[in-house]
1. Just to verify a result, which residue in the stretch 46-61, among those that are assigned to a loop (DSSP other than H, G, I, E, B) and without any contact (Cβ under 8 Å) to a residue 60 or more places away in the chain, is farthest from residue 71 (Cα to Cα)?
2. Which of the residues spanning the stretch 127-153 are open to solvent by 90 Å² or more (accessible area, probe 1.4 Å) and either touching a residue at least 60 places away in the same chain (Cβ under 8 Å) or β-branched (Val, Ile, Thr) (or both)?
3. Let me spell it out: the conditions are (1) more than 16 Å from residue 26 (Cα to Cα); (2) in a helix (DSSP H, G or I), and residue 145 meets all of them except one. Which number is the exception?
4. Take the residues in the stretch 86-102 that are of a type in the set (A, V, I, L, M, F, W, C) and under 15 Å from residue 49 (Cα atoms), then tell me which one is most open to solvent (accessible area, probe 1.4 Å).
5. From 130, 75, which residue is part of a strand (DSSP E or B) and either under 14 Å from residue 49 (Cβ atoms) or charged (D, E, K, R) (or both)?
6. For the stretch 170-186, which positions are within 9 Å of ligand 1 (Cβ to nearest atom) and either in a helix (DSSP H, G or I) or open to solvent by 100 Å² or more (accessible area, probe 1.4 Å) (or both)?
7. Tell me which of these residue 118 doesn't satisfy, since it passes every other one: (1) away from ligand 1 (no atom under 16 Å from the Cβ); (2) at pLDDT 95 or above.
8. Go through the stretch 20-45 residue by residue and tally those that are within 14 Å of ligand 1 (Cβ to nearest atom), of a type outside the set (Gly, Ala, Ser) and either part of a loop (DSSP other than H, G, I, E, B) or more than 28 Å from residue 70 (Cβ to Cβ) (or both).
Amino acid sequence: MTDLQQGPEDSRRGLILINTGAGKGKTTAALGTAFRAAGNGMRVLVLQFLKGSWHYGELDSAEALSSSNGFTYVMRQMGRGFVKVGGAEADPEDLRMVETAWEEAAAAILSGDWDLIVLDEINYAIGYKMLDPERVADVLRRRPEMLHVILTGRNAHPVLVEMADTVTEMREVKHAYQKGILAQRGIEF
Ligand code: ATP
Ligand code: MG
């Protein structure tokens, strides 16, 4: 490892990263980072807000890495895969699931048990007003010094963008969906 890669000991710190924007790649970039971190022997937890009805290949990849190869790469879906949007009120069941997901996420963040935590699609839960961004900001501020946290989803809240270290906005140039091409195995799920 070069000096640049390692850095002086006191330059190492936990970062907050946000992958947002309307283009494709927010979750997959976070999973790529998770893959990278796990390979470094870091303990990785991916909690997926709202997701739950689809079976994603990455769930099996994480399981395979963790179960037989000594890596710690835990991934859990905390939703049911769809939320009613556009209506006046969020569905109470979705609200309950977001609350449970957030309680688990907050406990994990504060536990010291992890080196990287991905809060996938959390920006949508905040954007749909199912989760107060100030609650998230408060827990992130109190996180262990070396813990990295990645938040994904469109329309990241300004409070979280402000406190983040690295924010990337995926910009859509084009998407197969616009040609009527449906989600493809291995690319979208
Ligand atoms: P991915 O999981 O592929 O990295 P993402 O996290 O950037 O996508 P989400 O907003 O979480 O995007 O939406 C997930 C699903 O929506 C994916 O199947 C993705 O291909 C699709 N999607 C993302 N961006 C677009 C878009 N601009 N138009 C249509 N579908 C999109
Ligand atoms: Mg996503």
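The values are calculated or read from the model by the stated rules, or taken from the named source; none is laboratory data. What you are looking at is a predicted structure, and each value in this text was computed from that prediction instead of being measured. No Cβ is skipped: glycine too gets one built from the backbone with ideal geometry, and neighbour counts run over all protein chains shown. When the accessible area is computed, the model is the full protein with side chains, heavy atoms only, and any ligands, DNA or RNA have been set aside. Shrake-Rupley method; radii C 1.70, N 1.55, O 1.52, S 1.80 Å.
1. 53
2. Scanning the stretch 127-153 gives 145, 146.
3. So the condition that residue 145 fails would be (2).
4. By that ranking, first place goes to 95.
5. After applying the criteria, what remains is 75.
6. Narrowing the stretch 170-186 to residues within 9 Å of ligand 1 (Cβ to nearest atom): 170, 172, 174-178, 183-184.
Passing the criteria: 174, 176, 177, 178.
7. (1)
8. 3
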